[in-house]
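K.L.:
Shown below is the structure under consideration.
Laboratory data are not the source of any read-out in this text; all were calculated from the coordinates shown. Note that the structure is predicted; figures quoted are calculated from it, not measured. Please note: Cβ atoms are built from the backbone with ideal geometry, for glycine as well, and neighbour counts cover all protein chains shown.
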Amino acid sequence: MNNEKALTGKQRAYLRGLANGIEPVLQIGKQGVTPETVDSLNEVLEARELVKAAVLQNCDEEPRSVAETLAGRARAEIVQVIGRKIVLYRRSKEKQGITLPKSK
């Protein structure tokens with residue numbers, strides 16, 4: 001995904017906890033993952049680092065597949081896929097936002 005090592009279980013759990021309090025800011029619908037969706041995701045990831053997206057019922061793709069596509073195109077990490085909700089994380093290039101727990 002990105003050029004850092006993958007998230008550890010502890011870091012992923014921490015990010016899942018943070019994601020509980022946020023609402024989805026992206027919706028993936030009938031057209032699936034479009035270049036515009038990826039552009040929006042990149043903007044939100046740079047600003048917030050942690051993003052929740054909703055895969056709408058009219059989307060033909062499975063939420064896990066959508067998450068993998070989004071993560072690959074945005075060079076982000078999948079934090080979790082629960083039902084039709086996806087949580088993605090990518091460290092901001094410009095600012096230090098979320099401080100992850102140490103991996104050891």
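K.L.:
Quick check on the chain: of the DSSP beta bridges with both residues there, what percent are antiparallel, nearest 5%?
P.N.:
Numbers: 10 of 13 bridges.
Bridges in the chain that DSSP calls antiparallel: roughly 75 percent.
K.L.:
Taking Cα pairs under 8 Å and at least six residues apart, what relative contact order does the chain come out at, in percent?
P.N.:
33 percent
K.L.:
Could you state the orientation-averaged shadow area of the convex hull built on the Cα atoms of the range 50-94, in nm² to one decimal?
P.N.:
Values: hull surface 12.3 nm².
If you wrap the Cα atoms of the range 50-94 in a convex hull and average its projections, you get 3.1 nm².
K.L.:
Dipole magnitude of the chain about its Cα centre, charges +1 at Lys/Arg Cβ and -1 at Asp/Glu Cβ only, in debye to the nearest 20?
P.N.:
On the way: 18 positive and 13 negative charges, 130 e Å.
It works out to roughly 620 debye.
K.L.:
Using only the alpha-carbon atoms of the chain, report the extent along each of the three principal axes, biggest first, to the nearest angstrom.
P.N.:
41, 26, 23
K.L.:
If you don't mind, another one. Using a simple spin-label model with points 7 Å from Cα along the Cα→Cβ vector, what separation in nm is obtained for Arg84 and Thr99?
P.N.:
It works out to 3.8 nm between the two label points.
K.L.:
Next question. Just give me a number: lysine pairs in the chain, eight or more positions apart or cross-chain, with C-alpha atoms less than 22 Å apart.
P.N.:
15
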